[in-house]
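**Q** Mind looking over this structure? Questions follow.
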Amino acid sequence: MGEGHTTTVELREVDLPHQVDLRVDPVGPAVTRIGELLGTPLPVVPNTGSEAVLWLGPDQWLVFGATEAQLRAALGDTPGSVVDVSANRVALELSGADAREVLEQGCSIDLHPRAFGPGRCAQTMLARANVVLYQVDDAPTYRLLVRPSFAGYLTSWLRDALTAVG
């Protein structure tokens, strides 16, 4: 950073709608019904997502907004798992021109825009805390989903990392 550089990063906690862990065969009959419920198809490309649903694994998604009951109804008789995990994670949002540089201090994945841009997500470690990391937009804005027991620690770590960038 050159002299006179001002850090342009905002850190805040954000409220999320219901969070439901969904496991279902990605080519099974329920996938279409679930996509209709969500208003978007379940992502099948690894490490991608939207504001409504994030890909967590070959047959696993984190769904936002839909309730456990709604997803169970869409699942029907199709084998699968639907678990409300709303209390399982706190959402932090880091945004601004230097947000990527802040995260790079404690995250080993490649966050360069060629590798990790808007709509990309990953389950990874950030400063020794497990997080689900999702890039929301080109600002860039990152949403970090972390267990409540690690939220205070991660917030403190991010604030310290912000000072290192400035």
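The values are calculated or read from the model by the stated rules, or taken from the named source; none is laboratory data. All figures in this text were calculated on a predicted structure; none of them were measured in a lab. No Cβ is skipped: glycine too gets one built from the backbone with ideal geometry, and neighbour counts run over all protein chains shown.
**Q** Hey, Arg23 hits all of (1) touching a strand residue (DSSP E or B) at 6+ places or on another chain (Cβ under 7 Å); (2) free of Cβ contacts under 8 Å to residues at least 60 places away in the same chain; (3) outside any strand (DSSP E or B) but one; which does it fall short on?
**A** (3)
**Q** Could you tell me whether any residue of the stretch 134-149 is surrounded by fewer than 19 Cβ atoms within 10 Å (Cβ to Cβ), touching a strand residue (DSSP E or B) at 6+ places or on another chain (Cβ under 9 Å), part of a helix (DSSP H, G or I) and outside the structural domain of Pro46 (by the TED database)?
**A** yes
**Q** Does Asp21 fit the bill of being surrounded by 17 or more Cβ atoms within 10 Å (Cβ to Cβ), on the phi < 0 side of the Ramachandran plot and of a type in the set (D, E, K, R)? Working first, answer last.
**A** On the way: surrounded by 17 or more Cβ atoms within 10 Å (Cβ to Cβ): yes; on the phi < 0 side of the Ramachandran plot: yes; of a type in the set (D, E, K, R): yes.
Criteria met by Asp21.
**Q** Every residue in the stretch 3-14 that is modelled with pLDDT under 95 and at negative phi, please.
**A** The answer is Glu3, His5, Thr6, Thr7, Thr8.
**Q** Here's a follow-up. Identify, please: which residue in the stretch 17-30 is closer than 10 Å to Leu75 by Cβ and of a type in the set (A, V, I, L, M) and is, among those, nearest to the chain's Cα centre (by Cα)?
**A** It comes out as Leu22.
**Q** Within the stretch 60-93, count every residue that is crowded, with 17+ Cβ neighbours inside 10 Å and either among the acidic types (Asp, Glu) or not in a strand (DSSP E or B) (or both).
**A** The total comes to 7.
**Q** May I ask you to say which residue of Gly106, Gly96, Gly49 is surrounded by fewer than 21 Cβ atoms within 10 Å (Cβ to Cβ) and farther than 16 Å from Arg12 by Cβ?
**A** Details: Gly96 fails: farther than 16 Å from Arg12 by Cβ; Gly49 fails: surrounded by fewer than 21 Cβ atoms within 10 Å (Cβ to Cβ).
None of the other options fit; the residue is Gly106.
**Q** Still on this structure: Output the qualifying pairs, or none if there are none: Cβ atoms under 9 angstrom, residues six or more apart or on different chains, first residue in the stretch 114-135 and over 11 Å from Gly49 (Cβ atoms), second residue surrounded by fewer than 21 Cβ atoms within 10 Å (Cβ to Cβ) and among the basic types (Lys, Arg).
**A** Phe116/Arg100; Ala129/Arg147; Asn130/Arg147; Val131/Arg89; Val131/Arg147
**Q** So is Leu111 at pLDDT 95 or above, under 19 Å from Glu10 (Cβ atoms), in contact with a helix residue (DSSP H, G or I) (Cβ under 6 Å, 6 or more places away or on another chain) and of a type in the set (A, V, I, L, M) or not? Walk me through how you get there before you give the answer.
**A** On the way: at pLDDT 95 or above: yes; under 19 Å from Glu10 (Cβ atoms): yes; in contact with a helix residue (DSSP H, G or I) (Cβ under 6 Å, 6 or more places away or on another chain): yes; of a type in the set (A, V, I, L, M): yes.
The answer is yes for Leu111.
**Q** For the condition among the small types (Gly, Ala, Ser) and at positive phi, what is the one hit in Gly35, Gly39? Let's see the steps before the verdict.
**A** Values: Gly35 fails: at positive phi.
Selected residue: Gly39, the only one of Gly35, Gly39 that is among the small types (Gly, Ala, Ser) and at positive phi.
**Q** Given (1) loosely packed, with under 13 Cβ neighbours inside 10 Å; (2) free of Cβ contacts under 8 Å to residues at least 40 places away in the same chain, where does Pro43 come up short, assuming only one miss?
**A** (1)
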